[in-house]
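Written out below as C-alpha cells is the structure these notes cover.
The values are calculated or read from the model by the stated rules, or taken from the named source; none is laboratory data. Predicted, not measured: the structure shown is a model, and the values here were computed from it. Ideal geometry is used to build each Cβ from the backbone, glycine not excepted, and the neighbour counts take in all protein chains shown.
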Amino acid sequence: MPVNGTSFQQPGGEGGDAAAPWAEFGQQVKYLRRRAGLTQRQLGERVGYHHSLISRWESGTREPMPGAVDSLERALDADGALSRLVARPPAHLGPVRQGNLGAGFFSPLPGSVWRHRIPASLGGGWPGLLPQGTCPLHAQGVCDVPPFGELPLLLGRMRAAGTTGAPAAADPEVLHVLTALLVRCERTAAYSTSSTLLGTVEHVLGDLVAWAGAADAAGRSAAVQLRLAAHFAQLAGRLRMHWGQGALAMAWVCHGLRWAEAGGDVGVQATLMTDQCTLARLDGDGASSLLYARAIGALGAGRGWITTLSHMYQARGHAVLGDGAESRRQEDLSRRRLERLDGRDLAEAPWLAAGQGQLRMEATVAGGLRDLAAVTGDRATARSAARSAARALEQLPDGMLPTQLLLTVRLADSHACAGDLDAALELAGTVVDQAVSARRRTISQELEGLRARLFGVWGGLREVREFDERMRTALGASSL
C-alpha cells in the first residue's frame with residue numbers, strides 16, 4: 001500500500017453517480033457472454049483475466065486493454081464487434097475526459113528533463129504482488145509485479161509509448177512495475193532522510209505524463225496513466241517540500257490535482273489538498289491553509305475519511321490563526337469522525353486504520369495545539385500539545401526516522417511553550433544533530449520555532465546559549 005495513503009479510486013465505481021464511459025462496449029460484452037452461456041468467472045478463465053475485471057468491463061467503468069479485446073473477440077466469437085467499438089472513442093466519458101485535453105494539460109514539468117538512474121537500493125524489498133486496491137488498472141485484483149531487473153526495459157517501453165503516434169492505452173506490465181516503484185519510493189522517503197529519490201521520481205513521472213499525452217492525442221483515454229501520475233506527483237511535491245522548495249512543491253500539487261480530477265480519483269485529490277494546507281502553513285499563511293482545509297470537505301460526497309481530514313486540517317488552520325475555540329471544536333469533530341470510519345472508508349484510506357489513524361491524528365493535533373499555545377501563551381494548551389506529541393511518538397513504527405525527528409522536536413517545543421525548559425532541552429538535545437543534518441524544511445521549521453521560543457524566554461541562560469551553539473555547529477557541518 002502506498003505510504004502516501006491513498007488507494008487508487010476508480011471513476012464510476014460503487015457509490016458513484018457518473019455515467020459509465022465504456023457502457024456500450026460493456027453491454028456488448030455482456031450480450032456476447034450470455035449468448036455463449038458463460039459466467040463472468042468462466043469468461044475470465046478463458047481470456048486470462050480476473051472475473052472482477054470482466055464485471056468492470058461489463059459495467060462500462062474500465063477501458064479494455066488492446067490485448068484483452070483480441071482475447072474477448074476470440075472467446076466470444078464476436079466477429080469484430082468489440083474491436084470496432086474500441087476503435088472509436090466512447091460516446092460519453094463521465095468525469096474522465098478523453099482526447100483534446102489540450103497541450104497545456106501536459107505542460108512542462110519540474111525536473112523531468114533530466115535522466116536519473118534508478119537506485120539499486122529500491123530493489124531491496126521489491127514486491128512480488130501488489131496489494132489489493134493499489135493497482136490503477138485492476139483495482140480489485142492482486143496483481144503480479146515484474147522483477148526489479150526488468151524495470152529498465154519496462155521504463156523504456158513507457159518512453160516509447162510516449163513518442164509513438166498510436167500508443168497502447170494501457171500496458172499492464174508497465175503499470176504494475178510503476179506502481180511497485182511508487183510503493184518502494186514512498187517507503188524509502190518515509191524511512192530515510194536521503195535526497196536521492198527526487199530525480200528518479202521526477203524523470204519517471206515525466207515519461208508517464210508523456211505517455212498519457214500521447215494516448216490522449218491519439219484519441220485514447222489516458223485516465224489510468226493520469227491516476228498513477230497524480231500519486232507520483234504527490235510524492236514529488238512532498239520531496240520538493242522537504243527540501244524547502246515550496247513553489248516547485250505547489251506546482252507538483254497543482255499538476256497532481258488536475259490529473260487526479262481527469263482520472264476520476266477523488267481520494268488522491270483529498271490528500272493532495274492536505275499538502276496544500278501544509279505548504280500554506282509553512283509559508284505562514286494560516287488563512288489559505290484554512291481555506292484549503294475547508295475545500296477538502298467539499299470533495300467528501302459521503303466519504304467519512306475525507307471529512308475527517310477536513311476537520312483535522314481545519315483544526316490546525318484555526319490554531320495558526322489563534323482561534324482556540326474553533327480549533328478545539330474541529331479537533332473534536334475529527335476525532336469523532338475517525339472513530340466512526342466504516343469498511344468502505346478504511347478500504348479507500350487504510351492508512352487511517354487502527355494505530356496509523358491515531359498516529360496521524362495525534363501528530364496533527366499536537367502541531368495545532370503547539371501553534372495555538374505559541375500564539376496565545378496558554379501553558380495548559382501547550383501541555384495538551386505535549387501529551388498528543390508523546391502519544392504520536394508511542395505509535396510511530398520503528399525506523400521512520402524523519403517523522404521521529406519531527407515529532408521529537410515538536411514535543412520539545414511543546415514543553416518550551418509550557419514553560420518546562422529542562423524537558424525541552426533534554427528532548428531536543430537527543431536529536432538536534434540528526435534533525436539539522438536531515439535538512440528537511442518541515443523539521444527545520446520546527447527547530448527554528450523551538451529556538452525562537454527558548455531565546456524569547458530564557459535567552460540569557462548558559463544552557464540555552466550552549467544549545468544554540470550546538471545548532472549552529474550542526475548547521476555548519478551539514479552545509480559542507
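Looking at the stretch 141-159 only, could you name the residues that are crowded, with 17+ Cβ neighbours inside 10 Å and not in a helix (DSSP H, G or I)? Scanning the stretch 141-159 gives 141, 143, 145, 146.
Before we move on, is residue 108 closer than 12 Å to residue 25 by Cβ and either modelled with pLDDT of 70 or more or out of contact with any Gly (no Cβ under 8 Å at 6 or more places or on another chain) (or both)? For residue 108, the condition - closer than 12 Å to residue 25 by Cβ and either modelled with pLDDT of 70 or more or out of contact with any Gly (no Cβ under 8 Å at 6 or more places or on another chain) (or both) - is not met.
Among the residues making up the stretch 201-230, those that are among the charged types (D, E, K, R) and in a helix (DSSP H, G or I) are 202, 207, 216, 227. Taking the conditions (1) farther than 30 Å from residue 221 by Cβ; (2) free of Cβ contacts under 8 Å to residues at least 40 places away in the same chain in turn, residue 278 satisfies each one other than (2). In the stretch 70-84, of all residues being more than 36 Å from the chain's Cα centre (by Cα) and not charged (D, E, K, R), the one that is surrounded by the fewest Cβ atoms within 10 Å (Cβ to Cβ) corresponds to 80. Scanning the stretch 435-480 for residues that are of a type in the set (Phe, Trp, Tyr) and crowded, with 16+ Cβ neighbours inside 10 Å gives 458, 467.
The set of residues from the stretch 409-426 being part of a helix (DSSP H, G or I) and either surrounded by fewer than 23 Cβ atoms within 10 Å (Cβ to Cβ) or among the aromatic types (Phe, Trp, Tyr) (or both) comprises 421, 422, 423, 425, 426.
On inspection, residue 223 does not qualify as surrounded by 23 or more Cβ atoms within 10 Å (Cβ to Cβ) and at pLDDT 90 or above. Scanning the stretch 6-14 turns up no residue that is buried (at least 20 other Cβ atoms within 10 Å of the Cβ), in a loop (DSSP other than H, G, I, E, B), of a type outside the set (D, E, K, R) and modelled with pLDDT of 75 or more.
Among the residues of the stretch 343-367, write down those that are under 24 Å from residue 384 (Cα atoms) and among the acidic types (Asp, Glu). Once the filter is applied, which keeps residues that are under 24 Å from residue 384 (Cα atoms) and among the acidic types (Asp, Glu), the stretch 343-367 yields only 362. Scanning the stretch 123-139 for residues that are assigned to a loop (DSSP other than H, G, I, E, B), surrounded by fewer than 17 Cβ atoms within 10 Å (Cβ to Cβ) and touching a Lys or Arg at 6+ places or on another chain (Cβ under 9 Å) yields 124, 125, 127. The numbered conditions (1) touching a Lys or Arg at 6+ places or on another chain (Cβ under 7 Å); (2) modelled with pLDDT of 85 or more are all true for residue 56 except (2).
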